[in-house]
1. So which of 220, 186 ends up being more than 29 Å from the chain's Cα centre (by Cα), without any contact (Cβ under 8 Å) to a residue 60 or more places away in the chain and closer than 19 Å to residue 157 by Cβ?
2. Quick one: which of 197, 169, 149 is surrounded by 21 or more Cβ atoms within 10 Å (Cβ to Cβ) and within 16 Å of residue 281 (Cα to Cα)?
3. Return the only residue of 115, 67, 91 being small (Gly, Ala, Ser), closer than 17 Å to residue 305 by Cβ and crowded, with 20+ Cβ neighbours inside 10 Å.
4. Go over the candidates 31, 81, 48 one by one and state the one that is surrounded by fewer than 23 Cβ atoms within 10 Å (Cβ to Cβ), under 23 Å from residue 310 (Cβ atoms) and more than 21 Å from the chain's Cα centre (by Cα).
5. On the basis of being out of contact with any Phe, Trp or Tyr (no Cβ under 9 Å at 6 or more places or on another chain), buried (at least 24 other Cβ atoms within 10 Å of the Cβ) and closer than 19 Å to residue 341 by Cα, does residue 144 make the cut?
6. For region 248-355, list the helices (runs of 4 or more DSSP H) that sit wholly inside it and hold at least 1 residues that are under 30 Å from residue 168 (Cα atoms); which are they?
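The values are calculated or read from the model by the stated rules, or taken from the named source; none is laboratory data. Since the structure is predicted, the reported quantities are computational estimates derived from the model, not experimental observations. For neighbour counting, all protein chains shown are included, and Cβ atoms are generated from backbone atoms with ideal geometry for every residue, glycine included.
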Amino acid sequence: MKRIGILTSGGDSPGMNAAVVTAARSAALFEMDVIGVKRGYNGLIIGEDNDTKGMMALDLETVLDIADQPGTFLRTARCIEFLNPDVRAKAAKRLNSLGIEGLIVIGGDGSFNGARALCNLGIPCIGIPGTIDNDLAYTERSLGYDTAVNVCINSVRQIRATSRSHDRVAVVEVMGRHCGDIALRTAMCTGAEQVIVPEMSWNVHQLADRINDLKEKGDTRATIIVAEGVYKNQSMENFNAFELLSSYDKNYYLTHSPNEPMNSHLLAHVLRVLAPGCEARSTVLGYTQRGSAPYAYDAAFAFEAGHLAAKLLHSGISEQVIGIKNGKVFYMPIREALDMKPTFDTAMYSLVNSL
């Protein structure tokens, strides 16, 4: 190959820039030009044949300036239009017209499905897992996960310091719509007394009982780590926070709606009612988990994965995704990787919630 492209898709994750840098430097080693595609798959479909709108050349001077930057220099966005087969065909035609013979895709399962579709249209693709949720079953770690966990750990430790000072319960929400890995790992590393994840059913009353039990044992500043996706769990369907809080505060209805969705702030409010004497406070860590420069583990993975992706395309190997197994970087077919179902460490989950 003489020219390859690279894009970042889906949610940004720490280490994406580092992977782009190494892929570009490795491509130069193999005498291949690199074109950066802006805003994920959107950059493939906003221009016409033979023009580079939505793209940019990644030369040495450009990539060296972004190595340590958090976020993604190429920008990222979801592209609903790419689900349309006609749109994908247009993207493949455009890549061919520009002489882009292969594509490196950094993202999650949705991004990999797009890469698989392009492979079916004759565009060789290699995927690098870039999602802080760590929800790809084929790999032990995805790019950005370790950094996100470290950011959460540092934040929770600071929050726990204030919890100790004021004897308050802390409800800390971390990212994870469908996967509780960040929440569980954060809880394990900070000594949190409770973790709630999307994979496991939970009950507000049981949570309040846990807080009351801890208080009787002398723990008045428990920390509850909550993954953002837990409020849609089926076990929460019959719980009516508005009804509970209105019975406690007759004026509650004046400032709140019966249709208000459960969130970390509301959960803390509920706990203050169900666990008398519990001064619960909530904190949402949000995008802070994504906005850090990569820690050592992610930076090293980005280095290996970026080089391997360029090497595979140079060697004529396509339709693969890169991951980590037993601590070693490896690659496997996209189809097989996407067919694997994620698992959750229920034993560790039970241990955290029982200590």
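1. Numbers: 186 fails: more than 29 Å from the chain's Cα centre (by Cα).
After applying the criteria, what remains is 220.
2. Working: 197 fails: within 16 Å of residue 281 (Cα to Cα); 149 fails: within 16 Å of residue 281 (Cα to Cα).
From the options 197, 169, 149, the qualifying one is 169.
3. Values: 67 fails: crowded, with 20+ Cβ neighbours inside 10 Å; 91 fails: closer than 17 Å to residue 305 by Cβ.
After ruling out the rest, the residue left standing is 115.
4. Values: 81 fails: under 23 Å from residue 310 (Cβ atoms); 48 fails: under 23 Å from residue 310 (Cβ atoms).
So the residue among 31, 81, 48 that is surrounded by fewer than 23 Cβ atoms within 10 Å (Cβ to Cβ), under 23 Å from residue 310 (Cβ atoms) and more than 21 Å from the chain's Cα centre (by Cα) is 31.
5. Numbers: out of contact with any Phe, Trp or Tyr (no Cβ under 9 Å at 6 or more places or on another chain): yes; buried (at least 24 other Cβ atoms within 10 Å of the Cβ): yes; closer than 19 Å to residue 341 by Cα: no.
So residue 144 fails the test.
6. Numbers: elements: 252-255, 264-274, 296-314, 334-339, 346-354.
Those helices (runs of 4 or more DSSP H) span 252-255, 264-274, 346-354.
Table: residues versus (1) of a type in the set (A, V, I, L, M); (2) without any contact (Cβ under 8 Å) to a residue 40 or more places away in the chain; (3) outside the structural domain of residue 111 (by TED's automatic domain parsing).
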site: 280; (1), (2), (3): yes, no, yes
site: 311; (1), (2), (3): no, no, no
site: 314; (1), (2), (3): no, no, no
site: 319; (1), (2), (3): no, no, no
site: 326; (1), (2), (3): no, no, no
site: 344; (1), (2), (3): no, no, yes
